[in-house]
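What follows is a set of notes on a single structure, which appears directly below.
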Amino acid sequence: PPRPPQGFSRPSTTMQTPRRAPDPDFKPDRPESIRVGMKVLHNIFGPGEIISIEGTGSDAKAIFKTESGEIKKLLLKFAKLKIIG
């Protein structure tokens, strides 16, 4: 197999958040309720924290940090987050 260029490293898979099977009974909170600093539960990525929100209304995007430290950018209207703290 071809070797990667010198100085190139493959992304580590050890720090990726394990994906969970979606819970069919998961009841998310309304996207308008989500605020910076909240602890939330994502139906696939698990628990984490909202570290920032960009935009407003239906275009609002949340920067979500998982418990393992992985950063995800989520469109709030589709994110399905449950407030846990």
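Worth a mention:
- Candidate lysines for bridging to K72, where Cα separation is under 17 Å - those fewer than 8 sequence places away on the same chain excluded: K39, K61, K80, K82
- In nm, spacing of pseudo-spin labels at E67 and R30 (7 Å Cα→C-beta vector): 2.9 nm
- FRET efficiency, 1/(1 + (r/R0)^6) with R0 35 Å, evaluated for A21 and D59 via beta carbons: 0.75
- Long-range amide H partners of I53 with built H, under 5 Å: I63
- Amide H contacts under 5 Å for L81, placed H, 5+ residues apart: D29
- The aspartates and glutamates within cross-link reach of K65, meaning a Cα-to-Cα straight distance under 12 Å and a gap of 8 or more places when in the same chain, are E49.
- J(HN,Hα) series, the stretch 32-42, from Karplus relation 6.51 cos²θ - 1.76 cosθ + 1.60, nearest Hz, glycine and proline x: 5, 7, 6, 10, 4, x, 6, 8, 9, 10, 9
- Largest accessible area first, the residues S58, S52 order themselves as S58, S52 under a 1.4 Å probe with ligands, DNA and RNA left out.
- Computed 3J(HN,Hα) for the stretch 46-51, one whole-Hz value per residue from the Karplus formula 6.51 cos²θ - 1.76 cosθ + 1.60 where θ = phi - 60°, is x, x, x, 9, 7, 9, glycine and proline marked x.
The values are calculated or read from the model by the stated rules, or taken from the named source; none is laboratory data. The shown structure was predicted, so the numbers you read here are calculated from the model rather than taken from an experiment. Here the Cβ is made from the backbone with ideal geometry for all residues, glycine too, and neighbour counts use every protein chain on show. For accessibility, only protein heavy atoms count, side chains too; no ligands or nucleic acids. Shrake-Rupley method; radii C 1.70, N 1.55, O 1.52, S 1.80 Å.
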